[in-house]
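Presented below is the structure to which this report refers.
The values are calculated or read from the model by the stated rules, or taken from the named source; none is laboratory data. In this text the structure is predicted, and so the values were computed from the model without any measurement. Positions of Cβ are backbone-derived with ideal geometry, glycine not excepted, and every protein chain shown enters the neighbour counts.
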Amino acid sequence: MDNSPVVTQVDTSLNYTQKDGLIVRFSSGEVAPTPVVSNSQTQDSMSRETDFDSRMMQRCLELARRALGRTSPNPLVGAVVVKDGEIVGEGFHPRAGEPHAEVFALRAAGVGARGATVYVNLEPCNHYGRTPPCSAGLIEAGVAKVVVGMVDPNPLVAGGGIARLRAAGVEVVVGVETEACQQLNEAFVHRILYKKPLGILKYAMTLDGKIATTAGHSAWVTNQAARSEVHQLRAACDAIIVGGNTVRQDNPFLTSHQVGAHNPLRVVMSRQLNLPETARLWDTQEAPTLVLTEVGANPDLQKTLLKHGVEVMELPVLTPQHAMMHLYEQGFCSVLWECGGNLAASAIAQGAVQKVMAFIAPKIIGGSHAPTPVGDLGFTSMTEALPLERVRWRVVGSDCLVEGYLPQ
Ligand SMILES: NC(=O)c1ccc[n+]([C@@H]2O[C@H](COP(=O)([O-])OP(=O)(O)OC[C@H]3O[C@@H](n4cnc5c(N)ncnc54)[C@H](OP(=O)(O)O)[C@@H]3O)[C@@H](O)[C@H]2O)c1
């Protein structure tokens with residue numbers, strides 16, 4: 001097996017690179033603190049990924065996913081304790097304020113944790129937050145080895161947890177199934193690095209690029225399989241944003257439509273606030289709704305909304321950037337833009353969108369004035385087009401999903 005140190009550029013759009021499993025920002029001038037690790041330690045712990053390690057790390061990710069949409073501002077983390085090739089304890093972080101994955105896994109393992117190997121998809125924390133440091137907990141439990149999926153970019157951790165474990169004589173392997181680990185926590189990483197939630201623009205369009213008919217009718221562009229995938233996506237996000245027109249035209253629910261699944265905060269951006277009094281989004285039994293508007297807009301509707309339990313927030317100027325700032329302050333990591341083209345263009349122009357998920361249905365609706373997914377960006381030359389990076393194509397039922405990242 002090749003034991004030479006590996007330098008992998010993992011995510012160019014996020015402006016950081018991973019060197020020896022350590023995340024380092026390379027263009028903003030800020031460098032995450034890196035632990036003091038000797039070369040022999042680094043070489044000793046690199047590139048030892050085995051099939052078994054991969055399987056255990058995938059199990060961590062599976063466990064972590066059980067808390068999808070519920071952990072922000074914290075990451076999704078799962079942990080597995082292995083002794084003599086057998087899993088003796090498992091756990092995941094259920095939500096912010098509750099113990100971390102390692103604590104649950106160690107509890108489940110009990111005395112079995114002594115001399116065991118612990119797998120965890122994110123570096124164990126090393127600081128007192130709402131819970132004590134996991135690095136100390138692992139040392140106290142007497143584990144022999146810790147296998148870490150990726151380094152925590154949080155400056156409060158950023159290699160410190162790994163350094164502390166190694167200083168205590170625990171063997172640490174970093175960088176198993178790293179890509180999958182980064183994918184799972186991409187929104188958390190974005191929040192930490194950019195102090196903004198990750199904005200995901202999702203839309204469904206026909207093959208001729210329309211998101212609705214000329215009359216504004218859009219139910220449904222895609223098939224059931226694609227819509228189910230959107231429901232899962234909602235369950236993984238902290239908030240969904242639509243604009244006033246989408247409420248007026250589509251009257252959407254915007255819930256995850258799955259028993260027991262998380263429902264994100266539904267956010268309506270409306271400057272005018274000339275919205276119907278009976279929209280489905282005003283039913284807050286199943287999911288909360290926040291209306292962002294401008295100072296003094298339609299006080300009568302505001303009163304009605306408050307009676308329904310809808311939160312209304314007036315901003316001096318309503319922009320996608322201000323909306324994202326507010327949601328960041330609420331501790332959110334991921335925001336799904338499910339709006340129409342006008343708001344989408346505004347969100348892209350203001351840097352509120354990093355990822356695009358376009359569902360394309362093989363049907364043609366036509367209509368020279370039918371709405372399209374992105375309104376006017378002010379570009380006149382094809383050379384100005386925003387090229388997506390890390391593009392993936394996937395067939396979903398009879399539709400197609402194109403995913404990619406906007407250049408930062
Ligand atoms: N197929 C799909 O994936 C999909 C998804 C969503 C929507 N749609 C369709 O899209 C159409 C609506 O398109 P739309 O672009 O008007 O969508 P929208 O989602 O309603 O966004 C536009 C509205 O957002 C509000 N807004 C607040 N701040 C804004 C800002 N800074 N910039 C721009 N808008 C701001 C305004 O509401 P106020 O006018 O209330 O002030 C504006 O009318 C509908 O026909 C709907 O069916 C399709």
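Looking only at residues in segment 259-277 that are under 19 Å from the mean Cα position of the chain (by Cα) and either surrounded by fewer than 21 Cβ atoms within 10 Å (Cβ to Cβ) or part of a helix (DSSP H, G or I) (or both), the one that is nearest to the ligand (Cβ to nearest atom) is Leu265.
For segment 74-145, please list each of the strands (runs of 3 or more DSSP E) lying entirely inside it that holds at least 1 residues being surrounded by fewer than 17 Cβ atoms within 10 Å (Cβ to Cβ) and not hydrophobic (A, V, I, L, M, F, W, C).
86-92
The listed residues are Met313, Met325, and the only one of them that is within 13 Å of the ligand (Cβ to nearest atom), at negative phi and surrounded by fewer than 17 Cβ atoms within 10 Å (Cβ to Cβ) turns out to be Met313. Residues in segment 219-247 that are over 24 Å from Leu198 (Cα atoms) and among the β-branched types (Val, Ile, Thr) were compared, and the one that is surrounded by the most Cβ atoms within 10 Å (Cβ to Cβ) is Thr222.
Remark: Ser398 matches the filter, which requires a residue to be away from the ligand (no atom under 14 Å from the Cβ) and modelled with pLDDT of 95 or more.
Per the listing Leu301, Leu292, the residue uniquely in a helix (DSSP H, G or I) and surrounded by 15 or more Cβ atoms within 10 Å (Cβ to Cβ) is Leu301.
For segment 382-403, the set of residues classified as of a type outside the set (Ser, Thr, Tyr) and in a loop (DSSP other than H, G, I, E, B) consists of Ala385, Leu386, Pro387, Leu388, Gly397, listed by residue number. Sort out which residues of segment 328-344 are within 12 Å of the chain's Cα centre (by Cα) and within 16 Å of the ligand (Cβ to nearest atom), and write them in order of number. Hits for segment 328-344 are Val335, Leu336.
Looking at Val353, is it within 11 Å of the ligand (Cβ to nearest atom) and either buried (at least 22 other Cβ atoms within 10 Å of the Cβ) or within 25 Å of Ile192 (Cα to Cα) (or both)? It is false that Val353 is within 11 Å of the ligand (Cβ to nearest atom) and either buried (at least 22 other Cβ atoms within 10 Å of the Cβ) or within 25 Å of Ile192 (Cα to Cα) (or both). In segment 148-171, the residue that is modelled with the lowest pLDDT out of those that are in contact with a Gly (Cβ under 9 Å, 6 or more places away or on another chain) and surrounded by 24 or more Cβ atoms within 10 Å (Cβ to Cβ) is Gly159.
Conditions (1) aliphatic (A, V, I, L, M); (2) free of Cβ contacts under 8 Å to residues at least 40 places away in the same chain, marked per residue:
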| residue | (1), (2) |
| --- | --- |
| Cys333 | no, no |
| Ile348 | yes, no |
| Met357 | yes, no |
| Gly366 | no, no |
| Leu377 | yes, yes |
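Exactly one residue out of Thr293, Thr284 is β-branched (Val, Ile, Thr) and more than 15 Å from the ligand (Cβ to nearest atom), and it is Thr284. Annotation: of all residues in segment 278-289 being polar (S, T, N, Q) and closer than 17 Å to Ile241 by Cα, the one that is surrounded by the most Cβ atoms within 10 Å (Cβ to Cβ) is Thr289.
Conditions tested, residue by residue: (1) touching a helix residue (DSSP H, G or I) at 6+ places or on another chain (Cβ under 8 Å); (2) closer than 17 Å to Gly91 by Cα.
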position: Asn126; (1), (2): yes, no
position: Gly137; (1), (2): yes, yes
position: Gly142; (1), (2): yes, no
position: Met150; (1), (2): yes, no
position: Val173; (1), (2): yes, no
position: Glu177; (1), (2): yes, no
position: Phe188; (1), (2): no, no
position: Arg191; (1), (2): yes, no
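Filtered by the rule that a residue be touching a helix residue (DSSP H, G or I) at 6+ places or on another chain (Cβ under 9 Å), within 10 Å of the ligand (Cβ to nearest atom) and in a loop (DSSP other than H, G, I, E, B), segment 357-381 gives Pro371, Thr372, Pro373, Val374, Gly375.
Residues in segment 304-342 that are outside any loop (DSSP other than H, G, I, E, B) and among the hydrophobic types (A, V, I, L, M, F, W, C): Leu305, Leu306, Val312, Met313, Leu315, Ala323, Met324, Met325, Leu327, Val335, Leu336, Trp337.
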